[in-house]
Amino acid sequence: MEKANVLVVGCNGRMGQLVCKAIAESEDFVVVAGYDVEYKKGLYDFPIFTSISELAELEVADDIDAVIDFSRPAATMAVLDFAIKYHIPTLIATTGFSDEEEEKIRNASSCIAIFKSSNMAYSVNAVAQLFRIAVKLLPDYSYGISEIHHENKADAPSGTAKLFFDVINEAHGSDLVAKYGKSGKKEPNEVWIASQRIDGFPGEHSVILGGPNDFIKIEHFAHNPAIFATGALEAARYLLDFCGLTGYYTMNVMFKDIFDDL
């Protein structure tokens, strides 16, 4: 079986290392290069580049089959032009983009295939589908979202909290408003999102659906961050096997295809 050649962006980071480990244990992927602004000698046996100009000189640049990006927005933007130049399908798991950066990613999808998700964990996205069903069945309930992560997480609210809100909002008719860090009286169309940062938490999310006589609480606990790495590989397989040469793909798109096959 021929393995797909992968460039891992953010390879030296916490998630990048887990992605590289998951790829090393897989049967269908191999890391041929890494990109990271911080160089760590002896971490891998593949070349690591700290600048795009060096990366562009890589002899196997034309042979890279996919980019997997777990980094920071600045690194994503830098690598995006490289991926467009070499027509490389790109999976983006980075969060915290500005509106301008999100627009650039969207525009890039007219040149290459892009799979983007704020949470690559397969199980988390399966839970998100439960919210879609629950909102359809309980349209008059109100909603609240809370999340806890480790102290080093750079963005808040988390990408997963935003994902859960987006799914709930879409299922509700796109008439809800996300509010973070607000005090005072909650408006009927608002969904409040609360964040905490505590050492030792890979990730915990809960969503409450409240009605006049009861409430429903759905929780997801990520006790091992490796779920995001293995989920990214599942998404990369979908990107390479089922997506076209261009287009913008998400977990919702992937799960829709799964539901169509059930």
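Of the numbered conditions (1) on the phi > 0 side of the Ramachandran plot; (2) modelled with pLDDT under 90, Ser174 fails exactly one; give the number of that condition.
The failed condition is (2).
From the set of residues in region 55-77 that are of a type in the set (Gly, Ala, Ser) and out of contact with any strand residue (DSSP E or B) (no Cβ under 8 Å at 6 or more places or on another chain), which is nearest to Cys11 (Cα to Cα)?
It comes out as Ala74.
If I go through region 148-188 residue by residue, how many of them are assigned to a strand (DSSP E or B), hydrophobic (A, V, I, L, M, F, W, C) and over 17 Å from Ile198 (Cα atoms)?
Within region 148-188, residues that are assigned to a strand (DSSP E or B), hydrophobic (A, V, I, L, M, F, W, C) and over 17 Å from Ile198 (Cα atoms) number 2.
Every residue in region 176-218 that is among the acidic types (Asp, Glu), touching a residue at least 40 places away in the same chain (Cβ under 8 Å) and surrounded by 10 or more Cβ atoms within 10 Å (Cβ to Cβ), please.
Within region 176-218, just Glu204 meets the criteria.
Picking from Tyr238, Tyr248, which residue would you name as being of a type in the set (Phe, Trp, Tyr), within 17 Å of the chain's Cα centre (by Cα) and not in a helix (DSSP H, G or I)?
Unique residue meeting the criteria: Tyr248.
Please go through region 33-62 and pick out each residue that is touching a helix residue (DSSP H, G or I) at 6+ places or on another chain (Cβ under 9 Å) and β-branched (Val, Ile, Thr).
Val37, Ile52
Do you know which of the residues in region 107-125 that are hydrophobic (A, V, I, L, M, F, W, C) and within 13 Å of the chain's Cα centre (by Cα) is surrounded by the fewest Cβ atoms within 10 Å (Cβ to Cβ)?
Val124
Considering only residues of region 126-158 that are of a type in the set (Gly, Ala, Ser) and over 25 Å from Pro188 (Cα atoms), which is surrounded by the fewest Cβ atoms within 10 Å (Cβ to Cβ)?
Ala154
Tell me yes or no: at least one residue of region 145-158 is within 26 Å of Gly247 (Cα to Cα) and in the same structural domain as Gly210 (by TED's automatic domain parsing).
Within region 145-158 (the criterion being within 26 Å of Gly247 (Cα to Cα) and in the same structural domain as Gly210 (by TED's automatic domain parsing)), the answer is yes, since at least one residue qualifies.
Has region 95-103 got at least one residue that is among the hydroxyl-bearing types (Ser, Thr, Tyr), modelled with pLDDT under 95, within 30 Å of Ala171 (Cβ to Cβ) and surrounded by 15 or more Cβ atoms within 10 Å (Cβ to Cβ)?
yes
Against the conditions (1) crowded, with 19+ Cβ neighbours inside 10 Å; (2) part of a helix (DSSP H, G or I), where does Ile88 fall short? Just the number, please.
With (1) crowded, with 19+ Cβ neighbours inside 10 Å; (2) part of a helix (DSSP H, G or I) applied to Ile88, the lone miss is (2).
For region 66-82, state whether one or more residues are more than 24 Å from Asp155 (Cα to Cα), in contact (Cβ under 8 Å) with a residue 40 or more places away in the chain and surrounded by 15 or more Cβ atoms within 10 Å (Cβ to Cβ).
Yes: region 66-82 contains one or more residues that are more than 24 Å from Asp155 (Cα to Cα), in contact (Cβ under 8 Å) with a residue 40 or more places away in the chain and surrounded by 15 or more Cβ atoms within 10 Å (Cβ to Cβ).
Within region 177-184, does at least one residue satisfy the condition of being outside the structural domain of Cys111 (by TED's automatic domain parsing), hydrophobic (A, V, I, L, M, F, W, C) and out of contact with any Asp or Glu (no Cβ under 9 Å at 6 or more places or on another chain)?
No, there is no match, as no residue in region 177-184 is outside the structural domain of Cys111 (by TED's automatic domain parsing), hydrophobic (A, V, I, L, M, F, W, C) and out of contact with any Asp or Glu (no Cβ under 9 Å at 6 or more places or on another chain).
Please go through region 189-202 and give me each residue that is at negative phi, out of contact with any Asp or Glu (no Cβ under 6 Å at 6 or more places or on another chain) and at pLDDT below 90, ordered by number.
Answer for region 189-202, where residues must be at negative phi, out of contact with any Asp or Glu (no Cβ under 6 Å at 6 or more places or on another chain) and at pLDDT below 90: Phe201, Pro202.
Table: residues versus (1) in a helix (DSSP H, G or I); (2) polar (S, T, N, Q).
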{"site": "Glu102", "(1), (2)": "yes, no"}
{"site": "Phe115", "(1), (2)": "no, no"}
{"site": "Ser123", "(1), (2)": "yes, yes"}
{"site": "Leu130", "(1), (2)": "yes, no"}
{"site": "Ala134", "(1), (2)": "yes, no"}
{"site": "Ser146", "(1), (2)": "no, yes"}
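The values are calculated or read from the model by the stated rules, or taken from the named source; none is laboratory data. Quantities reported herein were computed from a predicted structural model and do not represent experimental measurements. No Cβ is skipped: glycine too gets one built from the backbone with ideal geometry, and neighbour counts run over all protein chains shown.
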